[in-house]
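As structure tokens, the structure follows; a few thoughts come after it.
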Amino acid sequence: MAAKPGIPKGTRDFSPVEMAKRNYIFNTIREVYHLYGFEQIETPAMENLSTLMGKYGEEGDKLLFKIQNSGDYFSGITDEELLSRDAARLAGKFCEKGLRYDLTVPFARYVVMHRNELTFPFKRYQIQPVWRADRPQKGRYREFYQCDADVVGSDSLLNEVELLQIIDTVFSRFGIRVGIKLNNRKILTGIAEIIGEADKIVDITVAIDKLDKIGLESVNAELASKGISEEAIAKLQPIILLSGTNHEKIQTLQEVLKGSEVGLKGVEECAFILTTLEQLHLQNEVELDLTLARGLNYYTGAIVEVKALDVQIGSITGGGRYDNLTGVFGLSGISGVGISFGADRIFDVLNQLDLYPREAVNGTQLLFVNFGEEEMKYCLPILQQVRKEGIRAEIYPDAVKMKKQMSYANTKQIPFVAIAGESEMAAGKMMLKNMLSGEQCLVNVSELIERVKVD
């Protein structure tokens with residue numbers, strides 16, 4: 001007996017209904033991106049490992065899916081190297097390519113390669129899958145879609161303001177209540193400076209970023225394990241647990257960070273963004289949250305994270321400012337800022353809250369019953385006409401029993417069925433059945449179109 005087929009852990013199949021829901025998500029995000037002047041690009045699923053490695057921090061590098069070289073990948077490897085069983089080193093010999101971990105690093109590579117063709121500031125969006133060798137769990141997948149929007153070639157904080165507006169607009173359209181968290185890596189750098197641990201900024205941000213997952217005690221333990229002094233950890237506590245309104249937090253930070261130039265710059269940037277957003281009356285609250293660190297190493301300014309308020313799930317959107325990302329590819333001095341919607345988690349949230357509009361998941365609206373060759377010839381021109389009117393319609397392909405065809409309509413939740421037998425054909429009409437109410441009426445083509453469209 002053949003083994004039952006399966007799919008890799010952390011991946012999923014999607015049914016036609018699920019794909020209709022996913023396309024609703026993608027189309028909604030795409031429409032909002034277009035409203036703000038973003039243009040679409042795509043990049044390959046795989047990139048050279050030299051493009052990907054070293055861009056996501058040590059933890060991120062471990063989660064890269066590496067692609068084994070084709071051909072004799074043992075060529076050039078000594079027996080000593082093989083027997084060493086050094087997985088990381090051998091992977092570097094066996095693999096030259098990897099699946100993309102996110103869309104931002106490939107985008108930076110794209111900008112550098114195509115810089116002479118682009119008009120700056122360049123506003124692009126990208127909706128494609130990414131892969132991470134993470135441990136699968138609820139809301140966390142190894143293959144998932146990201147829906148990115150980035151602006152490169154502009155230092156203006158208006159870009160951050162617009163990206164936060166996009167976040168608010170998208171989730172308002174979905175009907176999802178969210179909390180939008182804002183912070184700035186310059187503030188975190190300033191905090192590291194004033195507690196006397198400026199050289200440990202990466203360790204500090206990676207640990208702080210885990211606060212809501214592992215708790216304060218575990219974060220402190222991790223900080224200590226990285227060689228950060230007890231005195232510095234003690235100084236850090238009241239800062240990362242700062243409370244109050246955004247305005248009160250800004251005032252406190254201006255005082256606390258007055259000894260750090262870079263820290264005060266981060267406070268100034270946050271103050272501008274928050275003050276500007278107050279004039280725009282967003283539907284969702286934006287909160288200055290100093291525990292937000294986003295562990296990715298390439299962020300240099302504002303950082304953003306979004307969580308659903310009515311569903312227990314991880315971050316569903318994130319992003320930030322990266323002033324030096326293209327520099328690693330040989331193009332320095334180009335600043336960028338971007339966000340990424342996690343489509344798979346949004347899919348789960350919309351499912352749990354049952355927020356999909358009916359029209360987003362409806363398939364066929366009208367089924368033509370097939371009684372035989374003559375009836376089929378009568379129905380086909382009408383089928384063509386209703387499709388021209390934008391009605392999603394199909395004809396049952398086989399002339400089988402009526403019961404089977406009606407069962408097909410019920411299973412697919414098709415709301416209308418058109419029936420044409422001898423008497424209907426003689427009258428030049430069709431019997432239209434409403435599958436929900438059971439009502440039937442004899443109609444001509446224009447009446448049929450009108451009734452199906454009205455529903």
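Laid out as a table, the results:
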quantity: Single condition GLU160 does not satisfy, out of (1) buried (at least 22 other Cβ atoms within 10 Å of the Cβ); (2) within 16 Å of the chain's Cα centre (by Cα); calculated: (2)
quantity: Members of region 41-61 found to be aliphatic (A, V, I, L, M) and free of Cβ contacts under 8 Å to residues at least 60 places away in the same chain, listed by number; calculated: MET46, LEU49, LEU52, MET53
quantity: Which numbered condition SER156 fails, given (1) in contact with a helix residue (DSSP H, G or I) (Cβ under 9 Å, 6 or more places away or on another chain); (2) within 24 Å of LYS249 (Cα to Cα); (3) part of a loop (DSSP other than H, G, I, E, B); calculated: (1)
quantity: Pairs with Cβ under 8 Å, 6+ apart, first in region 374-389 and within 14 Å of ALA426 (Cα to Cα), second modelled with pLDDT of 95 or more and assigned to a helix (DSSP H, G or I); calculated: GLU374/MET425; GLU375/MET425; TYR378/MET425
quantity: Residues of region 327-346 satisfying the condition of being buried (at least 21 other Cβ atoms within 10 Å of the Cβ) and out of contact with any strand residue (DSSP E or B) (no Cβ under 7 Å at 6 or more places or on another chain); calculated: ARG345, ILE346
quantity: Of all residues in region 297-318 being part of a strand (DSSP E or B) and β-branched (Val, Ile, Thr), the one that is nearest to ASP212 (Cα to Cα); calculated: VAL306
quantity: Selection within region 22-38 - surrounded by 13 or more Cβ atoms within 10 Å (Cβ to Cβ) and either in a helix (DSSP H, G or I) or touching an Asp or Glu at 6+ places or on another chain (Cβ under 8 Å) (or both); calculated: ARG22, ASN23, TYR24, ILE25, PHE26, THR28, ILE29, ARG30, VAL32, TYR33, TYR36
quantity: Evaluation of PRO106 against (1) modelled with pLDDT of 90 or more; (2) open to solvent by 30 Å² or more (accessible area, probe 1.4 Å) (one fails), failing number; calculated: (2)
quantity: Number of the exception - MET19 against (1) touching a residue at least 12 places away in the same chain (Cβ under 8 Å); (2) out of contact with any Lys or Arg (no Cβ under 6 Å at 6 or more places or on another chain); calculated: (1)
quantity: Those residues of region 301-352 which are within 22 Å of ASN183 (Cα to Cα) and in contact with a Phe, Trp or Tyr (Cβ under 6 Å, 6 or more places away or on another chain), in sequence order; calculated: THR317, GLY320, TYR322, LEU325, GLY336
quantity: Those residues of region 278-289 which are over 15 Å from GLY301 (Cβ atoms) and either open to solvent by 90 Å² or more (accessible area, probe 1.4 Å) or modelled with pLDDT of 95 or more (or both), in sequence order; calculated: GLU278, GLN279, LEU280, HIS281, LEU282, GLN283, ASN284, GLU285, VAL286, GLU287
quantity: Residue count for region 105-119, restricted to those that are closer than 23 Å to LEU35 by Cβ and without any contact (Cβ under 8 Å) to a residue 60 or more places away in the chain; calculated: 2
quantity: Odd one out for ALA420 among (1) under 25 Å from VAL17 (Cβ atoms); (2) small (Gly, Ala, Ser); (3) touching a residue at least 24 places away in the same chain (Cβ under 8 Å); calculated: (1)
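The values are calculated or read from the model by the stated rules, or taken from the named source; none is laboratory data. Everything quoted here is computed from the prediction, not taken from an experiment. Don't worry about glycine lacking a Cβ; one is built from the backbone with ideal geometry, like all the others, and counts go over all protein chains shown. Surface areas here come from the heavy atoms of the whole protein model, side chains and all, with no ligands, DNA or RNA. Shrake-Rupley method; radii C 1.70, N 1.55, O 1.52, S 1.80 Å.
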